[in-house]
Protein chains: 2
Amino acid sequence: MGAPPGYRPSAWVHLLHQLPRADFQLRPVPSGFAPQEQEYQQALLLVAALAGLGLGLSLIFIAVYLIRFCCCRPPEPPGAKSPPPGGGCVTWSCIAALLVGCAGIGIGFYGNSETSDGVSQLSSALLHANHTLSAIDHLVSETVERLGEAVRTELTTLEEVLAPRTELVAAARGARREAEAVARQLQELAFWRGVPLSPLQVAEDVSFVEEYRWLAYVLLLLLELLVCLFTLLGLAKQSKWLVIVMTVMSLLVLVLSWGSMGLEAATAVGLSDFCSSPDTYILNLTQEETGLSSDILSYYFLCNQAVSNPFQQRLTLSQRALANIHSQLQGLEREAVPQFPSAQKPLLSLEETLNATEGNFHQLVALLHCRGLHKDYGAALRGLCEDALEGLLFLLLFSLLSAGALATALCSLPRAWALFPPRNPSASCSGSHLSEPLFPARLETGPPPRSFPGCRRRPH
Amino acid sequence: MGAPPGYRPSAWVHLLHQLPRADFQLRPVPSGFAPQEQEYQQALLLVAALAGLGLGLSLIFIAVYLIRFCCCRPPEPPGAKSPPPGGGCVTWSCIAALLVGCAGIGIGFYGNSETSDGVSQLSSALLHANHTLSAIDHLVSETVERLGEAVRTELTTLEEVLAPRTELVAAARGARREAEAVARQLQELAFWRGVPLSPLQVAEDVSFVEEYRWLAYVLLLLLELLVCLFTLLGLAKQSKWLVIVMTVMSLLVLVLSWGSMGLEAATAVGLSDFCSSPDTYILNLTQEETGLSSDILSYYFLCNQAVSNPFQQRLTLSQRALANIHSQLQGLEREAVPQFPSAQKPLLSLEETLNATEGNFHQLVALLHCRGLHKDYGAALRGLCEDALEGLLFLLLFSLLSAGALATALCSLPRAWALFPPRNPSASCSGSHLSEPLFPARLETGPPPRSFPGCRRRPH
């Protein structure tokens, strides 16, 4: 028969859930999802703060490296023919770092779209659940109204027609009582009526937030892509001002990357805690928000053999009442119609109403069954805990790669730029004339410095 | 209330569906999905053949370009100091082409994973449908067996106990008849029993094919990535043998890219035809394969207000019969138990069976309702026609980009390679010693030729 595909926590959830957590006093914090507790909030903030630490360390490293490079280089004898060793390697390591950054951007785009997919799966499941809940409400209202209408008009007419024979009037009265009982039972099946929590509203809120999150990441990714491409262009054209501007931009993007990494890490850790056992948390939260009884909520959230249908009894009673109305109407048709032909019209109309009610009843049984809503719950969890979490981890990888790549580029760019030859009016790739104090000697005696292939110089 | 998220053909489906189709005699072919018709097969083959044409044209273009470059260059005066103009641009255009190829590879990875997602959504929907169908089957068997057991044991005992009073025996017989009627009605609700088509088997077949398709694309993408990276490495290290090997590999990957493009284009066109109106085709196909009546199939495949539940009457009859059994048992309990205390045990046992049967009946009503299976159908269609088609279009874009990039690289590589300087034993990046007949003069009189930044040469 094969189990239906439900939600099971993935390996990533287990892995992240097992990481140790600590609060600001570095006391261990249990890894159960409890966003309202201060200790847990502190643990997540601490995870985010690790990225801040990383940013600080990488900025210090870059500063130390560059200061060492600028101030503590061994003095170069004037007139030395050899350029500083490793200059080409600097440019190439810068290019390699930028290419790694570009690969990271590709991963980032993938992760962003994956997260967006997961969240849209969540909101589509919420929309579907909302549709089911409103359909139950609508169906109950429609059926109850139709039954009430039939009781008020056709059954009253029937009782008036059958007035001469008291035992037939009693049967009609019995049918009226049963119909009223069915209406009462059905009324109580619309369990979501008047509940203050609307899945539609939640879905809209989630989509709204996700739209801005998605846009922010796309802008960050495009910014980093532009920085990488313009830096490569600056290196190719040996344009100092472009490389300087891009160095500053790289610094900005480095800060943004570490910032996003902090947010992603904290979200991923929190999400893994939520996803490792979502049922209890969701059940408690929904109970608080809706005030529904726990047997209804566990029926829908667990939906297994152990939890019995809380509507079972009401459904059975309604079903029996409907069958009783049917047999009473059959009896009336047999007994009364030969004697009172005018009773036939209300009886036929009543039978039609009964058939429609039975159809609606079957639809209601199907809607109330936990299968549909539980499937939506599973889809929402899979969206959030599989796709969105996976996307988040890809975004984390992007942030890591881009932080590494940008730090390397920031270390190499000033060195590569220092290697650029000074501009010459006859150079085919024109750029701003910047003095190049680092290689005054080479320009006079050495061969023309190695240039980038895109920037061919005409001999003069 | 908001409509439930169902399947609607996307803009891509409409766009692809509107492209003109022709058979081998170039007569127009209607764009309805008809894979069994020869004309339609020819139209798809023609779409695939367009890629073959593209391959041929690009090979001819490359050959003409290279022959022109080798044989028809203007004679260079010996001792000219200037290197052939545009040499650097050749290297850079080659690098740019390879970078475009890398971007295409990123897009290809994304498209491959998107297609795989879509197909796994399809097979998961099929698995879910299979679970529902087997659950119906299982539930019907279980309920019928339980009812039969009750009729054979408890009702027989009851009849024996009540034998002295014939009107009570008649009531018990009535209950037996109703129970047998319920069992008969339920038996006919297991509509998928004995149907030769198993969604589980289809899901397994689809997953099997998809696994190999995914793997083939991953291998193609990795091959192209390696070719791009090694070509870049060859250009950076100015290693002739590496560039030659990579030129040959590029040619191979070019052929593979055009081949995959043909397959993707034909599949995308066929899929768009299927997806523009899948209901009719799927309905006919399922009817052929399963032999089920069209009202059952259209109930599940369309599932709207216009199609009535084909099980409605059976369900209503079973429901009434169950209610009748209940009232008969209630009557027996009232009448018989005071006189025959030994009737209480079988009566209680029968009521328990009745309650369980009513529970199963409600579950069966929920399973038989079109909502669940139609939702699986919608999910399968969305997987195939949204995610898989979108992924296929990304793969098409990858093939186009890589075909363009590889053709450019194939044009530029031999020219770039001809610009490599001959190797020198003192060069820090050692390579094979290949003579470079293109620049004999420059080596003697000009400055050292421009080299790639990774390959710094020590002056000697």
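Every number here is computed from the coordinates shown, using simple stated rules; none is lab data. All values derive from a computational prediction rather than experimental measurement. Here the Cβ is made from the backbone with ideal geometry for all residues, glycine too, and neighbour counts use every protein chain on show.
Axis of helix A:344-368 versus longest Cα principal axis of chain A: the two differ by about 30°, to the nearest ten degrees. What shape does region A:165-267 take by its C-alpha gyration tensor, where a ≥ b ≥ c are the square roots of the eigenvalues and a/c under 1.5 counts as rounded, a/b above b/c as prolate, and the rest as oblate? Prolate, since a/c reaches 1.5 and a/b exceeds b/c. Exposed loop positions in chain B were taken to be trypsin sites (Lys or Arg not before Pro) whose DSSP state is not H, G, I, E or B and which have at most 14 other beta-carbon atoms within 10 angstrom. Between these positions, the longest stretch is B:194-460. Average projection, convex hull of the Cα set of chain A: 33.4 square nanometres.
Annotation: amide H-H contacts under 5 Å for A:A22 (H modelled 1.01 Å from N, sequence separation of 5 or more, or interchain): A:V29.
For A:357-365, what's the mean count of beta carbons from other chains sitting within 10 Å of each residue's beta carbon?
Working: counts 0, 6, 5, 0, 4, 11, 7, 3, 10.
Counting other chains' Cβ atoms within 10 Å and averaging over A:357-365 gives 5.
Shielding by partners for peptide A:126-133, expressed as the average number of C-beta atoms from other protein chains within 10 Å of each residue's C-beta, is 2.
Tell me, in nm to one decimal, what length is gained between B:Q25 and B:V218 on full extension, where the rule is 0.36 nm per residue of separation less the Cα-Cα distance? Length gained between B:Q25 and B:V218: 65.8 nm.
Starting from a label point 7 Å past Cα on the Cβ side, list the distances from B:G174 to the same position in the other copies, nm, shortest first. For B:G174, the other copies' label points sit at 1.1 nm, shortest first.
Backbone geometry of region A:120-129 corresponds, through the Karplus equation with coefficients 6.51, -1.76 and 1.60 at θ = phi - 60°, to 3J(HN,Hα) couplings of 6, 5, 4, 6, 5, 5, 5, 4, 5, 4 Hz, x marking Gly and Pro.
For B:H374, B:H14, the sequence from fewest to most other C-beta atoms within 10 Å is B:H14, B:H374. Taking a straight Cα-Cα cut-off under 15 Å and skipping sequence neighbours fewer than 8 places away in the same chain, the aspartates and glutamates within cross-link reach of A:K240 are A:E436. Take every pair of alpha-carbon atoms less than 8 Å apart whose residues are at least six positions apart; their mean separation over the length of chain A yields a relative contact order of 35 percent.
Normalised radius of gyration (Cα atoms, divided by 2.2 N^0.38 Å) for region A:96-168: 2.71. What is the angle, in °, between the Cα long axis of helix A:370-382 and the longest principal axis of the Cα atoms in chain A? Nearest 10 is fine, range 0 to 90. It works out to around 10 degrees.
Under a model in which nothing but the beta-carbon of Lys, Arg (+1) and Asp, Glu (-1) is charged, chain B shows a dipole of about 2900 debye around its Cα centre. The same position A:E142 in the other copies lies at 3.1 nm from this copy, comparing label points 7 Å beyond Cα toward the beta-carbon, shortest first. Taking 7 Å steps out from each Cα toward its Cβ at B:S342 and B:V209 produces label points 6.6 nm apart.
Any idea what angle helix A:199-237 forms with the longest principal axis of chain A, computed on alpha-carbon atoms, 0 to 90 degrees, nearest 10? Once rounded, one gets 20 degrees. Radius of gyration over Kirkwood radius for the protein assembly as shown, both on Cα atoms: the Rg/Rh ratio is 1.13.
Globularity index of region B:237-309 is 2.17 (Cα radius of gyration / 2.2 N^0.38 Å, N = number of residues). Summarising the overall dimensions of region B:272-389 from its C-alpha atoms, the Rg and Dmax are 22.1, 74 angstrom. Per-residue shielding of B:372-383, expressed as the average number of other chain Cβ atoms within 10 Å of the residue Cβ, stands at 1.
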